[in-house]
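Chemist: To start, I am sharing the structure in question, which I have written as structure tokens.
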Amino acid sequence: MTVAEVQVYFPTDGSTLDDDGKAALDELATATSGAEGYLIEVAGYTSNTGSEEHNQRLSEDRAATVVHYLIEKGNVPILRIVVPAGFGKTHPAADNSDTLGRALNRRVDVKVLLNRGSHEGD
């Protein structure tokens with residue numbers, strides 16, 4: 001069950017977090033502080049510009065940037081993070097035919113997943 005979710009957006013051909021991205025991740029990390037039975041899923045994406053290989057590497061770099069931030073600044077234990085994945089230009093959130101759509105596709109989706117079994121009987 002997904003209990004929290006944020007999208008972090010990146011500039012064209014970039015994998016550096018901006019202040020908005022850091023704030024979203026800080027809020028997510030704070031929400032998990034002290035919680036048990038959760039995992040964090042991190043999936044990176046790109047727009048459709050650039051080669052397949054470049055986009056794959058860039059999406060992986062974006063996911064890794066988010067994971068490093070959560071561990072180093074958010075104090076999220078590494079064992080709570082599912083192996084991050086980069087999906088390149090697959091699974092677009094918006095149409096890649098215009099600037100806005102491409103900007104929305106340059107993202108990392110971060111989800112906090114709760115294991116139902118760990119809270120049964122609460």
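The values are calculated or read from the model by the stated rules, or taken from the named source; none is laboratory data. Only a predicted model underlies this, so the values are computations on that prediction, with no experimental measurement involved. With ideal geometry, Cβ positions are generated from the backbone for all residues, glycine too; neighbour counts draw on all protein chains shown.
Chemist: Kindly evaluate R57 against the criterion of being surrounded by 13 or more Cβ atoms within 10 Å (Cβ to Cβ), out of contact with any Ser or Thr (no Cβ under 7 Å at 6 or more places or on another chain), modelled with pLDDT of 95 or more and under 19 Å from N105 (Cα atoms).
Modeler: Numbers: surrounded by 13 or more Cβ atoms within 10 Å (Cβ to Cβ): yes; out of contact with any Ser or Thr (no Cβ under 7 Å at 6 or more places or on another chain): yes; modelled with pLDDT of 95 or more: yes; under 19 Å from N105 (Cα atoms): yes.
Yes, satisfied.
Chemist: Let me ask something else. Quick check: is even one residue across segment 40-56 without any contact (Cβ under 8 Å) to a residue 40 or more places away in the chain and in contact with a helix residue (DSSP H, G or I) (Cβ under 6 Å, 6 or more places away or on another chain)? Before the answer, list the steps.
Modeler: Step one: list which residues in segment 40-56 are without any contact (Cβ under 8 Å) to a residue 40 or more places away in the chain, which gives 50-56.
So of that shortlist, the ones also in contact with a helix residue (DSSP H, G or I) (Cβ under 6 Å, 6 or more places away or on another chain) come out as none.
No, segment 40-56 has no match at all.
Chemist: On to the next question. Quick check on my filter: what residues within segment 30-74 are under 16 Å from L17 (Cβ atoms) and of a type in the set (K, R)?
Modeler: R62, K73
Chemist: Would you point out which residue out of K89, K111 is of a type in the set (K, R) and either modelled with pLDDT under 95 or part of a loop (DSSP other than H, G, I, E, B) (or both)?
Modeler: Numbers: K111 fails: either modelled with pLDDT under 95 or part of a loop (DSSP other than H, G, I, E, B) (or both).
The conditions single out K89.
Chemist: Here's a follow-up. Would you mind telling me which numbered condition in (1) more than 29 Å from D95 (Cβ to Cβ); (2) modelled with pLDDT of 95 or more; (3) exposed (fewer than 13 other Cβ atoms within 10 Å of the Cβ) P11 fails?
Modeler: It is condition (1) that P11 fails.
Chemist: Considering A24, A64, which residue is surrounded by fewer than 17 Cβ atoms within 10 Å (Cβ to Cβ) and modelled with pLDDT of 95 or more? Break it down into steps so the answer makes sense when it comes.
Modeler: Numbers: A24 fails: surrounded by fewer than 17 Cβ atoms within 10 Å (Cβ to Cβ).
Result: A64 is the single residue among A24, A64 that is surrounded by fewer than 17 Cβ atoms within 10 Å (Cβ to Cβ) and modelled with pLDDT of 95 or more.
Chemist: For residues that are within 14 Å of the chain's Cα centre (by Cα), of a type in the set (V, I, T) and not in a loop (DSSP other than H, G, I, E, B), tally how many sit in segment 1-57.
Modeler: From segment 1-57, those within 14 Å of the chain's Cα centre (by Cα) are 2, 4-10, 15-18, 20-29, 39-46; that's our starting set.
From what is left, the residues that are of a type in the set (V, I, T) are 2, 6, 8, 16, 40, 42, 46.
With not in a loop (DSSP other than H, G, I, E, B) added as a condition, the list becomes 2, 6, 8, 40, 42.
Count: 5.
Chemist: Related question: Out of all the residues in segment 35-54, which are closer than 23 Å to V3 by Cβ and surrounded by fewer than 16 Cβ atoms within 10 Å (Cβ to Cβ)? Spell out the reasoning first.
Modeler: To start, the set of residues in segment 35-54 that are closer than 23 Å to V3 by Cβ comprises 35-45.
A35, E36, G37, L39 - these are the residues of segment 35-54 that are closer than 23 Å to V3 by Cβ and surrounded by fewer than 16 Cβ atoms within 10 Å (Cβ to Cβ).
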